[in-house]
Every structure is written in structure tokens, then in C-alpha cells.
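Chemist: Got a structure for you, questions after.
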Amino acid sequence: MKILGNRAFRWALLMIGLFAIIALTTMNVLSLYDLRNSMVEGEEERRVDQLDEINDSIRNQIIDPLRGISSIELETIESSIQHSGQLPENINEVLTRSSASPFFTDIYFSPDGTDPCVEGTEIYRYDPENNQIVATKEYPKLVCDGAGIARTKTKIQLNDFNYRWNNNFEFDTHRSLNLGLINLNENSLIGILTLILDEDYIINEVFPPYLNNYFGDSSETGVVVWIRDWADDSILATNDSTVAYDNDIIDHRMRFSGSGFFDNWSLNLAFLESPVSNAYNATLVKNLFVLGFAMLFLTGSLIFMFVTAQRERQLAQTQANFLANVTHELKTPLAVMQAAGENISDGRVTEPKRLKQYGDHIYNESIRLKGMIEKLLDVARVDSGQNLTKAAPYRIHELMKSYLEENRQYIERKGFEVKFSSGDEEAFIEVDKDNIETILSNLTENAIKYSKDEKYIEYQISSNDKHVYLSISDHGVGIPKREQKNIFKKFYRVENSDTTSSKVKGHGLGLSIVKNMIELNGGTIDVKSNPGQGTTFIVRFPKLNRESGPSNTSLDNDDQVSDNDNLKEHTENV
Ligand code: ADP
């Protein structure tokens with residue numbers, strides 16, 4: 001318990017708590033960012049992988065009918081051509097399959113030594129209806145025009161068999177597939193199979209469904225893909241024709257890979273404002289907001305708890321001091337009275353002069369005791385809410401006058417010059433007369449207590465349309481600015497001045513009682529003060545007029561409105 005009460009320990013706990021909140025929040029924010037990045041990156045990688053999938057899938061579809069070619073024996077091809085002028089049966093099967101594929105329009109066979117691109121050269125065309133090759137001198141010019149850029153010499157093995165594609169043969173990449181049939185034993189070329197690709201079919205029938213299935217509507221997926229002939233600088237297909245192709249917005253670019261065909265076609269991918277990343281961003285913002293709010297809330301609560309605990313500790317301390325003070329203050333006059341009374345009752349004091357002196361002591365101390373008890377009762381009443389006001393309309397000038405009539409002598413006896421000026425003798429307020437007396441006497445007591453050489457108190461009354469002002473000024477020690485907001489708090493006393501509790505008696509209750517009572521009567525209190533120059537307390541009450549004032553209050557006091565005419569006269573002035 002002792003350690004918990006330790007101030008340094010509490011501060012340490014507060015700091016650890018704040019540090020923990022900040023550290024946890026930072027960690028959370030960082031991990032949220034990590035999560036977002038990995039999710040967005042993951043999504044982007046997935047899209048790039050899809051380009052590979054499309055590439056492989058189309059390539060496989062094209063090559064598919066040719067796969068069986070691996071089981072063909074070279075000798076058979078050569079002898080078959082020599083003897084019957086036809087390709088062997090097993091090659092014909094492959095060609096039948098190939099010619100059924102929508103990817104190919106025609107299939108040609110050029111034996112070694114013939115160049116189909118030289119006019120008039122006789123080669124063979126595969127006729128699928130009769131399942132045989134037919135001699136022809138017609139060869140598609142397209143394949144020979146040299147426009148294809150990939151005059152490459154690519155060597156690809158199919159199914160680990162040593163027939164090679166395009167070996168030692170110049171070809172046009174996206175217009176034909178060329179299969180060089182090579183006799184590896186003799187290292188000689190037998191002939192070349194040329195399968196003419198149906199470019200229109202690939203561009204119009206193959207690409208669009210792929211792009212749509214994988215990348216769909218770019219406003220939903222946030223991805224646009226263009227298949228582009230970069231040699232021609234033309235777009236062959238896209239999933240969103242509303243977005244113009246632009247080199248600068250491309251995030252990922254790849255060529256159709258493998259086999260050497262489609263070499264001048266590329267796949268280009270751009271990430272627009274992706275709904276996925278938008279959604280992640282929105283979640284991130286939401287999470288950050290909640291996190292920020294939670295952090296603020298936690299920090300606020302922690303600080304609130306800390307401040308409350310500090311305040312309670314201070315309050316407990318102040319109340320303990322107050323109790324000690326009160327006990328002391330009550331005991332002192334009692335002790336004086338007891339001693340004086342004892343001396344008289346014992347008959348030790350008989351001399352009339354001394355008897356009077358003892359009597360005076362008892363009288364003065366009992367007055368002090370009474371004042372003290374009244375103040376405590378005021379606090380108790382205000383605290384318990386029992387201070388019910390018995391409000392009635394009064395002329396404030398009269399209230400002030402009657403207070404001074406009763407107390408002027410007492411104040412002057414203390415050496416004070418009293419001044420009273422009234423700017424409005426007719427202003428009415430609706431208050432509890434006893435409360436006003438308590439308020440005035442507390443403020444007067446303070447002016448007396450906190451004045452030094454210049455003993456002067458001035459009471460002033462003024463008013464405007466709505467309010468009546470009562471000010472009490474002294475030329476005393478004054479109150480530092482930073483303390484002024486605290487002086488109305490219960491038990492609060494200004495420390496570190498030359499009028500602190502050690503020098504001037506008090507319990508820090510007077511102004512708290514004053515403020516509470518003024519508020520109970522519908523008013524407010526303000527203070528204006530400069531250290532060393534003096535203090536003015538300004539009390540403000542609502543001005544009473546005919547409409548708001550009770551017209552028929554039972555009147556039992558001189559100062560109270562004596563008749564309706566009086567009130568009428570006052571309100572007319574207003
Ligand atoms: P107390 O006078 O018993 O200490 P109060 O509640 O009446 O308690 O006043 C609170 C504090 O405000 C005082 O301790 C004093 O420092 C300061 N104070 C009040 N009235 C005056 C005044 N007229 N001049 C200077 N200081 C004042």
C-alpha cells in the first residue's frame with residue numbers, strides 16, 4: 001500500500017502505461033501496413049502469373065496436334081517420299097489432326113533443296129480430304145514477304161524426340177509454324193513442314209475470351225491487359241477498349257515465350273486504381289481510425305484516472321489539514337474560556353478590573369467560536385444542498401445600507417476607511433437576505449484579513465438594463481493571476497504569498513461558500529486583482545423588473561418592496 005501511494009511509483013506506472021499504448025499502436029499500424037502491402041503485392045503477382053498461364057495455354061493448344069510426331073521413324077519418311085511421292089501414314093495422321101485444328105489454315109511440305117518462296121518452285125500441299133500431299137506451285141506470299149521480324153534459327157525439341165522445329169530455316173513467327181524434319185544420323189535435312197497459322201482466328205477468337213475470363217471488367221478488377229504487335233505498333237486485343245494503351249502506364253510486359261512464334265507480340269499489363277487495393281486502403285483507414293480513437297481513449301482514460309487519483313489525494317490531504325485546523329481553532333478559544341472561567345469560579349480572581357478583563361476574554365472568544373461554528377454550518381449546509389433560499393425582491397441599495405449600518409463600526413474599529421457609493425438606488429434583485437449578509441460579511445472579512453498598510457474598503461452598486469452589480473474593493477495584498485481561478489475552490493488558500501495560511505487565519509472556505517450562495521441566488525462572481533495593489537470582487541445579479549418579479553410577495557421587512565408602487569417606479573426606471 002505504501003509503495004502504491006508513492007508519487008514516483010505512480011508516475012512510473014503512468015509512463016509505462018503510455019509507453020505500452022504507444023508501442024502497441026505503432027506495432028499495430030506497422031503490421032496493418034505490412035498486411036496491406038503483402039495483400040496488394042500478392043494480388044499483383046497473381047495477375048502477372050496469369051499472363052504466363054495464358055501464354056502457356058495458347059501455346060499448348062497450337063502445338064497439341066503435333067505431339068504424336070515423336071514416334072515417326074526418319075527412314076520411313078525418306079523412302080516413302082522416294083517410292084510413292086507421299087508422306088508415310090503416321091505423319092499423315094499428325095497432319096490430319098493439325099489440319100482439323102482451327103489454328104492452322106494450310107499445311108505445306110517442301111523437300112530439302114526446294115525454296116517455296118522462289119516463284120515457280122514445286123512443293124506439296126496437304127489435302128485433308130484425300131489425306132495426301134499434292135504437288136503445287138502456289139505458296140502463300142504472306143509467309144515469304146519477309147515482313148516477319150523473327151528470322152531466327154530456333155531449335156526446339158518436341159517430346160524429347162530429335163525432330164526439330166525450324167532448324168536452319170528462316171520463318172515468319174506469327175504466320176506459320178515450320179517444322180524442319182532432320183535426319184540426325186546423317187545430319188541432313190529431309191524437308192520442312194509449314195503449318196500456316198490462322199492469325200484472324202487467334203486475334204478474334206482466341207485472345208478475347210482469355211482476356212475477358214482472366215481480367216474481366218477493368219472497373220471491377222482494376223487490371224487492363226493489351227496484346228500488342230510491337231513491330232506494327234498495333235493493339236491486337238484488350239479486355240478494356242476504353243482505356244488507351246500507353247507505354248508509361250504499363251506495370252508489367254512480357255513476350256509470348258517459347259517455340260519462337262508470336263515473337264513480335266507482347267502481353268502488357270497495367271494496374272489501374274484497383275478495387276482490391278481500394279478495399280484494402282479503406283479497411284486500413286478504418287482500422288487506423290479505430291486504432292487512433294482507441295489510443296486516444298485509452299490515453300485519455302489513463303490520464304484522467306491519474307489526475308483524478310492525484311486530485312483525490314490532494315483533497316484527502318486538504319481535508320485532513322482542514323480537520324486539524326478546525327480542531328485547533330475550536331480548541332484555542334475553548335481553552336481560553338475554560339481557563340478564564342476556572343479562575344473566576346475558583347475565586348482566584350476577585351478584583352473587579354480583572355474580573356471584567358476575564359469576562360471580556362470569555363465574551364470575545366465565544367464570539368470567535370460562534371463565527372467559526374457558523375462558517376462550518378454554512379459549509380455543511382451548502383454541501384448537503386440544504387441551503388434553500390427564501391428569495392424575495394429587495395432593493396440592493398437598502399440591503400447594502402443595512403449591512404453597513406450593522407457592521408460599519410466593527411470594520412472601522414479594525415482601522416479601515418469605509419466608502420459606499422451607489423449608482424442605482426432603486427435597482428431590485430430577488431435574493432435571500434440572509435445569504436446576502438453571509439456573502440457580504442465573508443467578502444468584507446477577506447478584505448480586512450488580506451490588507452496591510454492601506455486599510456480601505458469600498459462598496460459600489462451599479463446597474464444596466466439586465467443586471468445589478470455589487471463590487472467590494474480593497475487596497476490589500478492582491479491575488480496573483482494564476483491563482484484567481486482557484487480561490488473559489490473549497491479549502492483552497494493562496495500559498496507562497498506573505499499572507500499565506502501561516503500568517504492569516506482561515507480555512508479556504510469563505511469564497512467557496514460565497515460563490516455557492518451567489519449562484520443559488522441566480523448570480524455570478526468575478527474577481528479582478530493585481531498583487532500589491534488590491535482586489536475587487538464583483539457580484540452580479542439579474543435585475544428584477546415588473547414582468548419577472550412577483551407582484552404579491554408577503555412583505556415583512558423594511559428593506560423589502562413596501563408596495564407595488566415602489567416596484568412599479570423601479571421598473572419604469574428600467
Ligand atoms: P480563507 O480566507 O479562509 O483562506 P477564502 O475562501 O475566503 O479562505 O479565500 C481563499 C483565498 O483567496 C485566501 O486564502 C486568500 O489567499 C485569497 N483571498 C480571498 N480574498 C482576498 C482578498 N480580498 N485579497 C487578497 N486575497 C484574497
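Chemist: Need one word for the stretch 360-513: rounded, prolate or oblate. Basis is the Cα gyration tensor (sqrt eigenvalues a ≥ b ≥ c); a/c below 1.5 gives rounded, then a/b vs b/c decides. Each step should come with its number before you reach the end.
Modeler: On the way: a/c = 1.35, a/b = 1.24, b/c = 1.09.
Cα axes put the stretch 360-513 in the rounded bin.
Chemist: I would also like to ask the following. Over the stretch 418-517, with the other protein chains present, what is the accessible area per residue in square angstrom, probe 1.4 angstrom? Mind showing how you got there, number by number?
Modeler: On the way: 4460 Å² over 100 residues.
Counting only protein heavy atoms, the per-residue value for the stretch 418-517 is 45 Å².
Chemist: Identify all lysines with a Cα-Cα distance to residue 466 below 19 Å; exclude those on the same chain that are fewer than 8 residues away in sequence.
Modeler: Leaving aside lysines fewer than 8 places away in the same chain, those within reach of residue 466 are 543, 568.
Chemist: Taking only protein heavy atoms into account and a 1.4 Å probe, give the accessible area per residue of the stretch 185-235 in Å².
Modeler: Working: 2320 Å² over 51 residues.
On a per-residue basis, the stretch 185-235 sits at 46 Å².
Chemist: For the cross-link pairs 455/489; 455/503; 433/505, which exceed 23 Å when the distance is taken from alpha carbon to alpha carbon? Show your work: numbers first, answer last.
Modeler: Working: 455/489 26 Å; 455/503 17 Å; 433/505 27 Å.
Checking Cα-Cα distances, 455/489; 433/505 exceed 23 Å.
Chemist: Oh, and also: Report the FRET efficiency, 1/(1 + (r/R0)^6), for residue 22 and residue 283, where r is their Cβ-Cβ distance and R0 is 30 Å, rounded to 0.05. Can you show the working numbers first?
Modeler: Details: r = 23 Å, r/R0 = 0.76.
Taking R0 as 30 Å, the efficiency between residue 22 and residue 283 is 0.85.
The values are calculated or read from the model by the stated rules, or taken from the named source; none is laboratory data. It should be emphasised that the depicted structure is a prediction, and the values quoted were computed from it without experimental measurement. Cβ atoms come from the backbone with ideal geometry, glycine included; neighbour counts cover every protein chain shown. The accessibility values were calculated without ligands, DNA or RNA, using every heavy atom of the protein model including side chains. Shrake-Rupley method; radii C 1.70, N 1.55, O 1.52, S 1.80 Å.
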